[in-house]
Structure formats: structure tokens, C-alpha cells
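Working notes, beginning with the structure itself.
Any read-out appearing in this document is the output of simple, stated calculations on the displayed coordinates, not a laboratory observation. Everything numeric here is computed off the predicted structure, so don't read it as measured data. All Cβ positions, even for glycine, are placed from backbone atoms using ideal geometry, and neighbour counts span all protein chains on display.
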Amino acid sequence: DTLEQTEIADPPALSNLSPGSLQLVSKLKNPSGSCSVDVSTMWWETAGCKEPCIITACEDAVSLWKPLDTWQWEKVYTWHFTEIPVLQIISVPDVCSLVCVALGNLEIREIRALLCSTDDESEKQLLLKSGHINAVLGLTQRRLVSSSRTLFDQQIEILTFAEDGGNKEKQFLMPPDETVLAFAEVHGMQEALLGTTLMNNIVLWNLKTGQLLKKMQVDDSYQASICHKAYSEMGLLFVVLSRPCANEREWLGSPVFQLIVVNPKTALSVGMMLYCLPHGQTGRFLEGDVKDNFAAAVLTSGTIATWDLLLGHCTALLPPISEQNWCFVKWSDTDFHLLAGQKDGSVFVYRY
Amino acid sequence: CSKADLGPVSLNWFEELTSEAPP
């Protein structure tokens, strides 16, 4: 690969920022014959120096971009995939110089770790897991959780990476009797893990013992919800769910995310907040990301919307640029930026 | 909604559920 460098893009027009708190700071162009699928950020170490890097993924390649001066980036490594397409990047907190990716067609068939050999700086791939994988999430303390189907049951597996990204430990959690579709860490309770299931239940595990602590039915109106984040406060669990099946004509507006409160002792829950689009905007949740108290979603309309979960309202709208719909959105793990991507490999970095 | 709708709350719910759940 030749080195590729990005241009500094022009500042966005004010009209793009309605109601506005996003400022365009950088643009990466990753030309590829295949469809662009994901973006992420991570720390990468070279010669004892850790740098905040951007990872871009298209169906047949994953690239690592290192920062140059003044918001420019250069592509330094690319891992190629010829057999199974890339579906998503799996961000694993506390892991440095190692990228995890999920490969598959409609469902995840493999999870791989991407790294560079210290001897010759060449790109390497390690197969971490294969099978029919329903959900995967990177957890703090260099852990990765996945749920997969076998012929007779479901496996919930935790992989723990060593500090150098090498030698992995394996542990299993007790599976619930229905398919787990998504996981969320519980902020403020490091050993708790939460999941949402196909039949609309919330399940809770103890990560240390592997015990399944509780299965809780939430109200029918949360159907097909996916958990993104959970917070433990005052003996209650506050869970942020996305609502891909929300009715756009609900009297409250178009709910994209929802905050529910669950009492883990009684398994009772109530809806606390709906995060809707501003009046006049339509679209349903396609995909999104939640970090701290901020949520971002790509909508079926091709627009990106962000919410402050504490204030309860939409804070920014990012309509499609150059007549191209947005396809994916991520909050940066290395600073407070929003990364937004289009199918053709364009990734825009916004200061939030 | 009110907190009363959720039943009695325990600050030690994680430890309590861990001791009640099957090993």
C-alpha cells in the first residue's frame, strides 16, 4: 500500500448544524472497491509511544490511520479479507495495538484479532472464535463477550486478552433459555453484564462467577429493543435501548432511543424517557452508539441525530452530505469526537 | 412513573442476586 493522506476539509455550512453542536474537523477518504461498513478509534503503540488512531472497515479490508499534524491522517496498516466480508469493528476498551473484527454475511461467522508483528511490522490475523455468533461486545479490562448458537444450546463466552494482546483466557457464562441479541456493560458495577434477548427480556449476569442472576420481562412496547448502555444508581438499573421498530407516527414523535428503569430485585420496570426526533423529522433507528450520556443514531432517512441523554433532547442533526446517506456513526473512544461514515469510504470527524 | 411502581429497592442487589442465583 502506498501512504494515503487526507485533505483538510472545509468547515461545514452552518445550516448543516441545525440545531447544531457539531464542527467538522477532519475527513478521511478510503477508496475501496467494496462497501464501507464501520469506523472506530483506538490507541496504537509504536516505539513506546501510544497514539489515538482511527480504524476504518470496508467489506474486504480494515485499515489503521495514524494522526499527523493538524487533523490529518495517514493510513499505515491494512488487513485484507478475501473469504468472508467484514461486518463490524469490535471496540475492546483497555486493549492497545490490537483490533477485533466480526466477519460474516448476514450473521457473524468469525471474530478475528488484527495485529502487527513486532519483528517485521507485517499485518497478522488471529482467529478468536467461529460459529453462528449472535452478539459480541468488547468489555473493560480487555474482555470480549459473545453469544453463539450450537446445535443444542447457546454459549456465552468471555475471552480475556493478556496485556500484550496475546494469550487469552476463556470463561463461560450461564446461558438463558432464549437467544441473546445484544450486550451492555453496567456502568458503576464492573462485574455485572446485561443483555437483551429475542423475546424481549433483559438478562443479568455476574461476570466473575458466570451466574445468570435474573431474567426480566420488560413491557411489550419495548419490542425488539437492543440494549446499548446500562447504569447502576441507587439500587436501580437505568438501561438505554434503541427502538428499531418504533412507529414514526407515535403521538410523542419518533422515538429512537429510550431510557427505562429496572429494579433488579423485583424485576419491575418503567419507561423513563423517550428520545425523539425534533418536530418535522422522520426516520427510524438503523444503527447507533452511546457513550457516557450521549447517543447518536443513523436513521432510515440517511440523517444522523445526536441526543444528550440527561437533557433529554436532540442536540444535533447531520443531514446526508453530497447526496450520500450516512451509513454508520461512532463516538470516539480516545477523545470527544463523532465519526460518521458513508458507503463509499468517506469518514468525517466532528468535534462535539 | 414513580419509584414506588418498582417495588422495594436494595443498594446491595448485585450481592443479593448473586447469593440467590444457582451457582
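List of remarks:
- Remark: mean inter-chain Cβ contacts per residue of B:12-23 equal 6, using a 10 Å Cβ-Cβ cutoff to other protein chain atoms.
- For residue A:294, nonlocal amide neighbours, meaning residues 5 or more places apart or on other chains whose placed amide H falls under 5 Å from its own, are A:309.
- For residue A:279 and residue A:336, the FRET efficiency from 1/(1 + (r/R0)^6), where r spans their Cβ atoms and R0 equals 22 Å, is about 0.20.
- Segment residue A:70-residue A:29, extension gain: residue separation times 0.36 nm, minus the distance between their alpha carbons: 13.1 nm
- With a simple spin-label model that places each label point 7 Å from the Cα along the Cα-to-Cβ direction, the separation between residue A:141 and residue A:187 comes to 2.0 nm.
- Peptide-level mean, for A:105-114, of C-beta atoms on other protein chains within 10 Å: 0
- Rounded Å value of the spacing that divides the Cα centres of region A:133-199 and region A:69-94: 22
- Placing dummy labels 7 Å off each Cα toward the beta-carbon, the span from residue A:153 to residue A:105 is 3.0 nm.
- Mean projected area (nm²) of the alpha-carbon convex hull when region A:202-352 is viewed from all directions: 10.4
- Value of [θ]222 nm, deg cm²/dmol, for the protein assembly as shown, DSSP H segments ≥ 4, -39500 (n - 2.57) each, nearest 500: -500 deg cm²/dmol
- FRET E, pair residue B:9, residue A:292, Förster distance 25 Å, beta-carbon r, rounded to 0.05: 0.55
- Equivalent ellipsoid, chain A (semi-axes from 5 times Cα gyration tensor eigenvalues, Å): 30, 27, 17
- Residue A:132-residue A:224 pseudo-label distance in nm [points 7 Å out on the Cα-to-Cβ vector]: 2.0
- Above-threshold pairs, the threshold being 31 Å between Cα atoms, out of A:170/A:229; A:50/A:170; A:168/A:265; A:168/A:343; A:50/A:265; A:66/A:229: A:168/A:265; A:168/A:343; A:50/A:265
- Averaged over peptide A:258-269, the number of partner chain Cβ atoms lying within 10 Å of each residue's Cβ comes to 4.
- Fluctuation leader among A:150, A:196, A:282 - chain A, Gaussian network, Cα springs under 10 angstrom: A:150
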